[in-house]
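This report refers to the structure that appears directly beneath it.
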Amino acid sequence: MNPVPFLDLRGQYKKLKDEIRPVVDEVLDSQICIGGPQLTNFEKEVRDHTQSMHAVGCSNGSDALLLALKALDIGPGDEVIAPSFTFFATAGAIRLAGAKPVFAEIDEETFNIDVTKLEALITDKTKAIIPVDLFGQAANMTVVNEIAKKHGLKVIEDSAQAIGAEHKERRVGSMADITTFSFYPTKNLGACGEGGLITMNDEALATKVTQLRNHGQSGVYEHAYIGMNGRLPSLQAAILRIKLKHLDDWTAVRNAHATQYRGLLGDVEGLVLPKLAAETTRHVYNQFVVRVPNRDNVRKALSEQGIGSGVYYPLPLHLQPCFADLGYKKGDLPLSEKACSEVLALPCYPELQSAQVEQVAAALRTLVEKGA
Ligand SMILES: *Cc1c(COP(=O)(O)O)cnc(C)c1O
């Protein structure tokens, strides 16, 4: 059996090389390394793709969250609600802004924030909610927005994993006060290096975010805010523009893989396949995540057969050492903790072949059925 890597970025580049090399030369010849037409065109194209009013490129998805919090004046003394079962940056940014993360439980079926438990976490210090579109499926933005509106809170949607996803036929990027994206190489739209982007519908907010990403500069060496160096390099924008043209095709292939896995694994006892929320009209499957008993044994056995897999995430954020001062303990968010011990991400990238999906599914079935 040939090995099945968990991801194959070299394979993706090989197919795009002839398209990418000329624009790299173009940027290098122009020596417009920051800003310029590559950046503004990329921002326009993402704005259209996400059906939002304004898009501002920035340094990475983590800085995008920090810029969003700063743009909304969230800082010391404020509380921000975010799920515990997500990538670290979601809560790291809250802390870096000087505010306090308040961790929310997830919905067991979708892995996204459980909106039925959200209101209980709101205090008079709460300023914002950060739902995460985990694994490429939009959070329940309808209900998050309703709750936020009722309590006068802002919504920052962490869409690092979900560019192109749809909730009730609306694209992520168009629904929250601010939406943040990441172009880390393993995301569905990946740079050759770091990159991120922020979308919003409010023009004044877009101006503020644009200034904040450039040290709060409002005029020539005049600084309206204390911002940061949070810019997106032109070379990354140029490469991302090429990849954006392929994104919808890639998303279709990811969905085909997901459908194939569902068909092949739907009847395996003990294996839980990822569920689509009723409101999800387009999942983009940054990850295809199953739940398996004896996850670590299964993962090791797959690896021995040359099959790559991933664990997102092994430890919930409320139990991270750096957040010990917040006073959370084991058992506080049982569904988040349970997910951490059961989740296994299977290969699901556009370059993966249908025969490889079959190979992964067959190996996984055998392991789960014999109780690895
Ligand atoms: C990747 C990711 C980020 C951070 O993006 P970077 O570009 O790596 O800084 C934030 N939130 C989530 C949910 C992510 O998956």
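The values are calculated or read from the model by the stated rules, or taken from the named source; none is laboratory data. Here the structure is a predicted model, which means the values were calculated and not measured. All Cβ positions, glycine included, derive from the backbone under ideal geometry; neighbour counts span all protein chains shown. The area values use the complete protein model at the heavy-atom level, side chains included, leaving out ligands, DNA and RNA. Shrake-Rupley method; radii C 1.70, N 1.55, O 1.52, S 1.80 Å.
One line per residue, one yes/no per condition, for (1) within 13 Å of the ligand (Cβ to nearest atom); (2) over 30 Å from residue 276 (Cβ atoms):
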site	(1), (2)
76	no, yes
82	yes, no
88	yes, no
91	yes, no
98	no, yes
105	no, no
108	no, no
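Restricting the search to helices (runs of 4 or more DSSP H) fully inside region 30-102 and requiring at least 2 residues that are farther than 22 Å from residue 186 by Cβ, in contact with a His (Cβ under 9 Å, 6 or more places away or on another chain) and not assigned by TED's automatic domain parsing to the domain that holds residue 332 gives 36-49. Checked against (1) closer than 23 Å to residue 54 by Cα; (2) surrounded by fewer than 24 Cβ atoms within 10 Å (Cβ to Cβ), residue 105 passes all but a single condition, namely (1).
Yes/no matrix, rows are residues, columns are (1) in a loop (DSSP other than H, G, I, E, B); (2) in contact with a Ser or Thr (Cβ under 8 Å, 6 or more places away or on another chain); (3) away from the ligand (no atom under 16 Å from the Cβ):
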{"residue": "135", "(1), (2), (3)": "no, no, no"}
{"residue": "138", "(1), (2), (3)": "yes, yes, no"}
{"residue": "142", "(1), (2), (3)": "no, no, yes"}
{"residue": "145", "(1), (2), (3)": "no, no, yes"}
{"residue": "149", "(1), (2), (3)": "no, no, yes"}
{"residue": "156", "(1), (2), (3)": "no, yes, no"}
{"residue": "161", "(1), (2), (3)": "yes, yes, no"}
{"residue": "164", "(1), (2), (3)": "yes, yes, no"}
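The C-beta contact set for region 153-165 (first residue more than 15 Å from residue 91 (Cα to Cα), second residue of a type in the set (Ser, Thr, Tyr) and within 11 Å of the ligand (Cβ to nearest atom), distance under 8 angstrom, 6+ apart or interchain) comprises 161/182; 165/159. Which of the residues that make up region 189-234 are of a type in the set (A, V, I, L, M), assigned to a loop (DSSP other than H, G, I, E, B) and open to solvent by 70 Å² or more (accessible area, probe 1.4 Å)? Answer for region 189-234, where residues must be of a type in the set (A, V, I, L, M), assigned to a loop (DSSP other than H, G, I, E, B) and open to solvent by 70 Å² or more (accessible area, probe 1.4 Å): 220, 226.
Residue pairs whose Cβ atoms lie under 7 Å apart, separated by 6 or more positions or on different chains, with the first residue in region 72-96 and of a type in the set (Val, Ile, Thr) and open to solvent by less than 10 Å² (accessible area, probe 1.4 Å) and the second assigned to a helix (DSSP H, G or I) and within 12 Å of the ligand (Cβ to nearest atom), are 80/94; 86/134; 86/317; 90/65. Filtered by the rule that a residue be more than 9 Å from the ligand (Cβ to nearest atom), among the hydroxyl-bearing types (Ser, Thr, Tyr) and in a loop (DSSP other than H, G, I, E, B), region 173-188 gives a lone residue, 174. When region 189-212 is filtered for residues that are in contact with an Asp or Glu (Cβ under 7 Å, 6 or more places away or on another chain) and within 16 Å of the ligand (Cβ to nearest atom), only 196 remains. Return yes or no: is residue 24 among the aliphatic types (A, V, I, L, M), buried (at least 17 other Cβ atoms within 10 Å of the Cβ) and either in contact (Cβ under 8 Å) with a residue 40 or more places away in the chain or closer than 30 Å to residue 307 by Cα (or both)? For residue 24, the condition - among the aliphatic types (A, V, I, L, M), buried (at least 17 other Cβ atoms within 10 Å of the Cβ) and either in contact (Cβ under 8 Å) with a residue 40 or more places away in the chain or closer than 30 Å to residue 307 by Cα (or both) - is not met.
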